[in-house]
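The values are calculated or read from the model by the stated rules, or taken from the named source; none is laboratory data. As the structure is a computational prediction, the values presented were derived from the model and not from experiment. Here Cβ is always computed from backbone atoms with ideal geometry, including for glycine, and neighbour counts include all displayed protein chains. Accessible surface is based on the protein model in full, side chains and every heavy atom, while ligands, DNA and RNA are left aside. Shrake-Rupley method; radii C 1.70, N 1.55, O 1.52, S 1.80 Å.
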Amino acid sequence: LNTALAMADELAAQVMRAWTLAALAEVDLRAGAADRAARLTDNARAIFEQSGDPWGIERCDGLARALAER
């Protein structure tokens, strides 16, 4: 995932960056790193909102619910 994030940054592919951030947030959530997962989710959501990606926003909402349950 770190390679994907670097590629997204190199290509200035913001939606790809957001999906990668959401994937990293899920990994962190499962690993118990809730603070980092929350930051990554917030960053991803901001990009998804800016780009108008409803599936990405929905994914971030799901991650936020999972974080709230912890």
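If I model a spin label at Ala33 and Arg70 as a point 7 Å from the Cα along the Cα→Cβ vector, what separation in nanometres do I get?
1.0 nm
Taking only Cα atoms, what is the 0 to 90° angle, nearest 10, from helix 34-51's long axis to the longest principal axis of the chain?
So the inclination is approximately 40 degrees.
Obtain the radius of gyration and the Kirkwood radius of the chain from its C-alpha atoms and give Rg over Rh.
0.97
Within the accessible area of the chain, what % is carbon and sulfur when the probe is 1.4 Å and the other protein chains stay in place?
Carbon and sulfur: 52 percent of the exposed surface of the chain.
GluC sites (Glu not before Pro) within the chain: which are DSSP loop residues with at most 10 other Cβ atoms inside 10 Å? Numbers along the way, then the final one.
Details: sites: Glu10, Glu26, Glu49, Glu58, Glu69; in loops: Glu69.
Taking the chain and a limit of 10 other Cβ atoms within 10 Å, the loop GluC sites (Glu not before Pro) found are Glu69.
Would you mind getting the Kirkwood hydrodynamic radius of the stretch 15-54 from its Cα pairs, rounded to one decimal in Å?
9.8 Å
Heavy-atom accessible area per residue, the chain, 1.4 Å probe: how many Å²?
Here the residues of the chain average 63 Å² of exposed surface.
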